[in-house]
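What follows is a short report on a single structure.
The values are calculated or read from the model by the stated rules, or taken from the named source; none is laboratory data. Remember, predicted model here, so these are calculated numbers, not experimental data. Cβ sites come from the backbone with ideal geometry, for glycine too, and all protein chains shown count toward neighbours. Calculation scope for accessible area: heavy atoms of the full protein, side chains included, ligands and nucleic acids excluded. Shrake-Rupley method; radii C 1.70, N 1.55, O 1.52, S 1.80 Å.
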Amino acid sequence: DAVQWAARAVAAGAGEIPPGLGWHELAETRLRAVCPSPAQYPEIQGVEGCAAVTEDWSGAAFDAAGDRLYITGGGHGGYAGNEWYVLDLGSLTLTRINEPSTPVRDGCLFDGIYADGRPVSRHTYQHLAWLPGLQRIFLVGGSRWQCGYFIDDAWTFDPAGDSWTEQSYVDGPRTGFGLSLAVDAPTGLVYAHDDYDLYSYNPATDQWTLRAENLQGPGDYKSGV
């Protein structure tokens, strides 16, 4: 067993996920190594700094075809950076895609948008999904920097072009702790369940549709699948 474990450790260090079941630490994938420098970006640090990207109730979006996990987070008083990170399972590397927006400002005073037109940092919960047809990440709502209140909005992010696009939120679900998203690959629809009701979002038409109403929901902090 010790020999097998050692062989797997060497394989993981060489840039390959070892075979077999179980957890395997991926070397050189710590977020802090690629975070924006506090010296260069002092105003985005909040009370936690870059650690809040993963510590503060944040989710991720997985591109199954590209074997990439996209991560963003922060929000409330923890961290103001709205930059993106990607974990590439092909190369087993974690990199930062872009720079954070500056200057920062309270998301409740400016409708959840920084001065450069990009959405403010936020707790992302289970509010992220990968859209394979568009090759973009879908983001709904979240707990905004700096006030902490939720916002009813939706965005797509293009990691290849480093660009955000605001989407429609007409007839969208309630944004809160109970919201979760899941993509139906055959149709390309995003299904969203809030604290009570089930919705779908069509990226091709930028439209939300109420699919089912419920008097009570399954509770907060859940994942959609």
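Distance between the 7 Å Cα→Cβ label points at SER200 and GLN135: 2.6 nm. Calculated from the structure, percent of Cα pairs over 26 Å apart equals which of (1) 35; (2) 58; (3) 39? Evaluating percent of Cα pairs over 26 Å apart on these atoms matches (3).
Against the main long axis of the alpha-carbon atoms of the chain, helix 2-13 sits at an angle near 60°. Label zone (HIS24, point 7 Å along Cα-to-C-beta; backbone nitrogen cut-off 17 Å) within the stretch 49-69: 67-69.
Accessible area of the stretch 1-156 with a 1.4 Å probe: how many percent of it is carbon plus sulfur? Ligands and nucleic acids excluded, carbon and sulfur reach 55 percent. A simple spin-label model places the labels of SER163 and TYR149 3.2 nm from each other, with each point 7 Å out along Cα-to-Cβ.
The stretch between TYR221 and ASP171 holds 15.8 nm of extra length on full extension. This uses 0.36 nm per residue minus the Cα-Cα distance. With all protein chains in place and ligands, DNA and RNA left out, the 1.4 Å accessible area ranks CYS50, CYS108 as CYS108, CYS50, largest first.
Ranked by the mean number of other Cβ atoms within 10 Å of their residues, highest first, the peptides 121-134, 22-35, 90-103 fall in the order 121-134, 90-103, 22-35. In this structure the stretch 1-150 gives 51 Å² per residue of accessible area when probed at 1.4 Å with all protein chains present. Largest accessible area first, the listed residues ILE17, ILE137, ILE71 line up as ILE17, ILE71, ILE137 when surface is computed with a 1.4 Å probe on the assembled protein chains.
Put PHE150, PHE62, PHE157 in order of accessible area, highest first, and with a 1.4 Å probe you get PHE62, PHE150, PHE157.
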